[in-house]
1. Hey, what number do you get for the chain at 222 nm if only DSSP H runs of n ≥ 4 count, each worth -39500 (n - 2.57), divided across all residues, to the nearest 500?
2. I need the Debye-formula profile for region 58-215: one equal scatterer per C-alpha, no solvent, reported as log10 I(q)/I(0) at q = 0.12, 0.13, 0.16, 0.21 1/Å, two decimals.
3. Which residue fluctuates the most in the chain, going by a Gaussian network model with Cα springs under 10 Å, if the choices are 57, 370, 142?
4. Quick one: check the C-alpha center-to-center distance for region 312-374 versus region 293-311, whole angstrom.
5. Based on the Kirkwood radius over alpha-carbon pairs, what is the Stokes-Einstein translational diffusion coefficient of region 250-394 at 37 °C with 0.692 mPa s viscosity, in µm²/s?
6. Multiply the residue separation of residue 224 and residue 330 by 0.36 nm, subtract the distance between their alpha-carbon atoms, and state the gained length in nm to one decimal.
7. Hey, could you pull the Cα Rg and Dmax for region 80-123, both in Å?
8. Counting Lys and Arg as +1 and Asp and Glu as -1, each charge on the Cβ, what is the dipole of region 194-325 about the Cα centre in debye, to the nearest 20?
Amino acid sequence: MKLLLLLSLYSRTAIVHLFEWHSVDIISPPNENIIIDNPSRPWWERYQPVSCKICTRSGNEGEFQDMVMRCNNVGVEAIINHMCGSGHSAGTSSTCESYYDASDRDFPEVPYSGWDFKDGKCQTDSGEIQDYDAAAQVRNCRLSGLLDLALEKDYVHTTIANYMNHLIDIGVAGFRLDASKHMWPEDIKPILDKLNNLNTNWFAEGSRPFVYQEVIDLGGEPVSSTDYLGNGRVTEFKYGTKLGTVMCKWNGEKMAYLKNWGEGWGFMPSDRALVFVDNHDNQRGHGAGGASILTFWDARLYKMAVGFIPAHPYGFTRVMSSYHWPRYFEDGSDINDWVGPPNDNGVTKEVTINADTTCGNGWICEHRWRQIRNMVAFRNVVNGESFANWWDNDSNQVALGRGNKGNNDD
Ligand code: QV4
Ligand code: CA
């Protein structure tokens, strides 16, 4: 599970994805995952759950509860489409030493058995997704070999809802539903309907968890983000790819064209969109977006792009917060895309804050960069104010205001 700091609830308007932070500091994925030794402890081992126990290399349940109480605006990335990869044999190579047998689809700590997976519904010979043009495959087959849970079963979606409610009772405020594209929208809904209201120790009576669904839709596939709008917010991946193209002035794009940014560019309705420039996948070549995705590696353009998001009223904004990794191997070969968080012999390093407010120990902390931090503060102030007073020089100089609070002639 990844945790997302929701700086958003009910008064503010942005989320920070504090990718791989340690729970003692502020954030970590809470539930137990497989331990991958080859490559050595990749960041993505956390997307392979083996139980619902809150226990990972980033912390145990006590540390997680302490962090949630200190933060009381934490979101959790819920991995509910699958368990770990099918290729892993029986054993206890997991962050809390729970026994599992992936080859037998046996996860006694949950418990899940072979009956709780979709294999009977997948029609491909490999059991994996082979063709993204076949909507049933995308939902019923294994994504990268990850054992696919049968969410249509009452036992499975109740087990998932119980786990998410345990997190809500601890004080968690919301969820990113990982790989939502690989679940039928109608199987996600009963889970969301079973979720408790937020804990009234921190939230008003009747507050609902903030939920968004990860659906990568750049167009051209039968599975569309619009299939999921009935469940709540959905990631709008077109946003980051298009904004990167504009900031890079590729394909004849220029900032003056941002005048009708949002639905005018074919994006989903603003009140359903979760928007961002990059995420933990496409900043390292996973998932979607390609070369136009701007990241902290392109600092100047990145600040322009991430600074524009909070200024514009479209969507609900998320800011990435990353760690540094050796992007390319010494010989310049392949993209080094698997390296896990800064660590001392596998123990995630703490996030240190320098005198100049930047982070140390290999953490990038884009969310603390002055231009980004200030623009999120701006967004909180002008929240609800309309887009106003657009000006451009028909090229790459633009200005905009927000109602009466955030004017470019202020
Ligand atoms: C390999 C083979 C399989 C084989 C399997 C056998 O590819 O064919 O059957 O071994 O076990 C890792 C490895 C991958 C491996 C897999 C299972 O990279 O090679 O399969 O584990 O062992 C992250 C990483 C993946 C990683 C996965 C699980 O990106 O590389 O796979 O975690 O550890 C699509 C989806 C979208 C998804 C995106 C990446 O629509 O939902 O791809 N994004 C989310 C998360 C992402 C995560 C997952 C989904 C899966 O943001 O971080 O994938 O939880 O676009
Ligand atoms: Ca699925």
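Read-outs: derived from the displayed coordinates by stated rules, not from any lab. Because the structure is a prediction, the values reported are computed rather than measured. Here Cβ is always computed from backbone atoms with ideal geometry, including for glycine, and neighbour counts include all displayed protein chains.
1. -6000 deg cm²/dmol
2. Here the Debye-derived log intensity ratios amount to -0.57, -0.66, -0.96, -1.36.
3. Residue with maximal mean-square fluctuation among 57, 370, 142: 370.
4. Between the Cα centre of region 312-374 and that of region 293-311, the gap is 14 Å.
5. 190
6. Fully extending the segment from residue 224 to residue 330 adds 34.2 nm.
7. Expressed in Å, the Cα Rg and Dmax of region 80-123 come to 10.6, 34.
8. 360
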